[in-house]
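Rule-based calculations on the coordinates, nothing more; no lab input. Everything quoted here is computed from the prediction, not taken from an experiment.
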Amino acid sequence: MTEEELIRGCLKEEAACQKELFNRYASRMLGVCNRYARSSSDAEDILQDAFIKVFDKIHQFKFEGSFEGWIRKIMVNTALKKYSLRRYEKETIGYEFRDRDESGMEPSAYSHLTQKELLELINQLPDGYRMIFNLYVIEGYQHEEIAEMLGIQPGTSRSQLVKARNMLQKQLLQLQKVAV
């Protein structure tokens, strides 16, 4: 079944088409949800809620652009609603960040990291930092777009990204010390 046939079947609320659409995209979208969720059960909840929205709003898809991208946007927005950034804007985590010379950082700590290990480090970030990092670095949104999505100022987005990167750098430095 082509993607267009699948979408048209979902528009007619055909259960077989809805099941096929879910089966076709669920594993990739679960990966998106996992980047935003605190746990695998939260990611599954986000996935479920987002697919309900996909089926509810499928009539809004205009057959322009990527259908998978359209679904991904719903997944991201559902995750963002679950973890409303506003309550994390003023997160204080006890870390003190200062500029440091990155040239002193040996590549040995991070050159052997797998994608899964790197995603685990990202998942350890506080929710607000993780949201901004995922939206900017992984999803490719600009700070102005992130600010609009989250109802924050672009400067807040930039600040959260800097703090997320600093925190990841600190985690990598700790890994480097353990590896030595």
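Tabulated values for the structure
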{"item": "In Hz, Karplus ³J(HN,Hα) per residue of the stretch 146-159 (6.51, -1.76, 1.60; θ = phi - 60°; x = Gly, Pro)", "result": "4, 4, 5, 4, 9, x, 10, 7, x, x, 5, 4, 4, 4"}
{"item": "Cα gyration tensor category, rounded, prolate or oblate, for the stretch 3-82 with a/c compared to 1.5", "result": "prolate"}
{"item": "Over 23 Å (Cα to Cα) - which of 53/73; 53/81; 53/116; 116/170; 12/62; 62/116 fall in this group", "result": "53/116; 62/116"}
{"item": "Estimated vicinal HN-Hα couplings, Hz - the stretch 132-139 in sequence order (Karplus 6.51, -1.76, 1.60; Gly, Pro = x)", "result": "5, 4, 4, 4, 7, 7, 8, 7"}
{"item": "Centre separation in Å (Cα based) which lies between the stretch 60-75 and the stretch 118-138", "result": "23 Å"}
{"item": "Length added when fully stretched, residue 145-residue 124, from 0.36 nm per residue minus Cα-Cα", "result": "5.1 nm"}
{"item": "Whole-Hz couplings from phi, Karplus 6.51/-1.76/1.60, listed for the stretch 33-38; x for Gly and Pro", "result": "4, 4, 5, 9, 7, 7"}
